[in-house]
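**Student:** This is the structure, below, for whatever I ask next.
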Amino acid sequence: MSAMGRQQPRRHLCTNILTVKRAVELENEFHWKEIYQQGFLENMGLEVVGNSSAEIAGAMVEINQRLDGLWDGPEYLVRDVLQECSIGWHSQAKLGSKFVELNKELFI
């Protein structure tokens, strides 16, 4: 976190980042079970980075606020992210706003 208490975006060691669009393309190229096998993404030169505790905590706070009707932040819908790929158009799923805001490079 910075001195102002705001979480800074993660800096990835690897410059080859798996964007959402590329993940969808991979699912068209390979069977989804292959993609999630240990080592598959690393063998493609992709660094697997787990969610930080701050990202998980932020998502939980957002979920609770949404359930309590107190959420006043932005909405990032899966269908909007996947619209360009012509899939997910019926989805009502939401992406965690903090995660999207801190990892914008994944959604280009």
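Since every read-out is calculated from the coordinates, none of them should be taken as a lab result. Since the structure is predicted, the reported quantities are computational estimates derived from the model, not experimental observations. Cβ placement follows ideal geometry from the backbone for every residue including glycine, while neighbour counts extend to all protein chains displayed.
**Student:** Check residue 94: other-chain or 5+ apart residues with amide H under 5 Å from its amide H, H built from backbone geometry?
**Tutor:** 78
**Student:** If I model a spin label at residue 64 and residue 43 as a point 7 Å from the Cα along the Cα→Cβ vector, what separation in nanometres do I get?
**Tutor:** 4.2 nm
**Student:** Here's something else I'd like to know. At a threshold of 8 angstrom on Cα-Cα distance, excluding pairs fewer than six apart, so keeping six or more, what relative contact order does segment 20-107 reach in percent?
**Tutor:** Rounded, it is 29 percent for segment 20-107.
**Student:** Same structure, new question: Report the Cα-based extents of segment 20-107 along its three principal axes, largest first, to the nearest Å.
**Tutor:** Result for segment 20-107: principal-axis Cα extents of 42, 30, 22 Å.
**Student:** Between residue 36 and residue 79, what is 0.36 nm times their sequence separation minus the Cα-Cα distance? Round to one decimal in nm.
**Tutor:** Gain on extension, residue 36 to residue 79, equals 13.3 nm.
**Student:** Related question: Using a simple charge model, +1 on the beta-carbon of Lys and Arg, -1 on the beta-carbon of Asp and Glu, nothing else, what dipole does segment 20-107 show about its Cα centre, in debye to the nearest 20?
**Tutor:** It works out to roughly 140 debye.
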